[in-house]
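Data block below; observations after.
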Amino acid sequence: MADQEFHHTNADVDVHAMGEMHEHPTWKQYKWVALILTLITALEVFIYYTSFKDSPLFAPVLLVMSAVKFAIVVMFYMHLKYDHKLFRALFTGPLIIAMSTLAALLFVFGKFSGR
Amino acid sequence: MATAVASHAHPPTSTGLDHRKIAIWAFIGSECMLFASLISTYLIYKGRSVVGPFPHEACNPPVCATHLNPILNIPVTSFSTFVLLMSSLAMVLALAAVENKGKPGYSGILGSSKFWLFATIVMGATFLGCQAYEFTSFVHEGLTIRTNLFGSSFFTLTGFHGAHVTAGVLWLCTLLAIDFKRGLGPKDTLIVDICALYWHFVDVVWIAIFTLVYLIK
């Protein structure tokens, strides 16, 4: 009896919901993701060495490219695109708080006013 | 006979999700806030150093005793960024190898979790080597954690990240040791997945640091 009380087989557990057998990208997708990340990084470094560095668009363009890389890694390598929504909430919630705090601090210290 | 039988499946939880995976995501969420505070400190202090060396600008007398070049070494950091990105690829392939061990299509190198874990460790160690080289050259050029606001915030931010990479490399070494001792298989997917999540998080933090600290003036 005690054996049965403590023994759980796979049939007892929703392994998909446990996050153990969720769908993952294929090798080909991983390869493309790595290629895209490499190309974006190469482009970031390339524009750093061009006259575009002095353009007012330089920082926004780099921030967008960085955000794309961030999102790609989180969605495909961390499997957040395929995982349970609770995991998504546990990551995006604190991330939004962190980004908002960062932006608020930069405003408070005048980083957006050119001081 | 009351003997509890160990099983690889976990007891059903109130959420239906494994507690360890919830814990690592909650931990990663808290780490987001830690690194956001370190990055915001760096950005707030950026451009407010009274003495050089400076990250992107040369420092000339009388501000500095002698002429000092911009201190950040973009080629070396670009290389270490690339290495860290590729380590994330090796990590997902290690996870796929563990998860699909013995399945058709996962033979040879593609199905070798030992190879991919070792590759991830080597790339993580290479990143740390680049960081050690960078820190050493900065100190030789006169920038320490006490020199100016840039030095304090830069070494704190990148030092914390380096400490996280070091912890990740040690974690990967334990997984590789387990793999050599008894072999990692589909039943171990979760423990490798948790380590992989941590490793990818360290990677995404560096993506932000590389842009905000090294590339944007």
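The values are calculated or read from the model by the stated rules, or taken from the named source; none is laboratory data. Keep in mind the model is a prediction, meaning the values are calculated, not measured. Cβ atoms come from the backbone with ideal geometry, glycine included; neighbour counts cover every protein chain shown.
Only one of B:166, B:144 is of a type in the set (Ser, Thr, Tyr), in a helix (DSSP H, G or I) and away from chain A (no Cβ under 14 Å). Can you tell me which?
On the way: B:144 fails: in a helix (DSSP H, G or I).
Checking each option against the conditions leaves just B:166.
Please work out if residue B:129 is at pLDDT 95 or above, more than 12 Å from chain A (Cβ to nearest Cβ), farther than 28 Å from residue B:18 by Cα and surrounded by fewer than 15 Cβ atoms within 10 Å (Cβ to Cβ).
yes
Just checking, does segment B:67-77 include any residue being buried (at least 20 other Cβ atoms within 10 Å of the Cβ), within 30 Å of residue A:27 (Cβ to Cβ), in contact with a helix residue (DSSP H, G or I) (Cβ under 9 Å, 6 or more places away or on another chain) and in contact (Cβ under 8 Å) with a residue 60 or more places away in the chain?
Yes, because at least one residue in segment B:67-77 is buried (at least 20 other Cβ atoms within 10 Å of the Cβ), within 30 Å of residue A:27 (Cβ to Cβ), in contact with a helix residue (DSSP H, G or I) (Cβ under 9 Å, 6 or more places away or on another chain) and in contact (Cβ under 8 Å) with a residue 60 or more places away in the chain.
When only residues in segment B:169-193 that are part of a helix (DSSP H, G or I) and not hydrophobic (A, V, I, L, M, F, W, C) count, which is nearest to residue B:46 (Cα to Cα)?
B:193
Mind checking which residues of segment B:41-79 are within 25 Å of residue A:37 (Cβ to Cβ) and in a helix (DSSP H, G or I)?
Selection gives B:42, B:43, B:74, B:75, B:76, B:77, B:78, B:79.
Identify, by number, the condition in (1) within 30 Å of residue A:55 (Cβ to Cβ); (2) facing chain A (nearest Cβ under 9 Å); (3) crowded, with 20+ Cβ neighbours inside 10 Å that residue B:196 doesn't meet.
(1)
Scanning segment A:91-115 for residues that are loosely packed, with under 11 Cβ neighbours inside 10 Å and small (Gly, Ala, Ser), which turns out farthest from the other protein chains (Cβ to nearest Cβ)?
Here the residue is A:113.
Say whether the condition of being in a helix (DSSP H, G or I), within 9 Å of chain B (Cβ to nearest Cβ) and β-branched (Val, Ile, Thr) is met by at least one residue in segment A:48-70.
Checking segment A:48-70: not a single residue is in a helix (DSSP H, G or I), within 9 Å of chain B (Cβ to nearest Cβ) and β-branched (Val, Ile, Thr).
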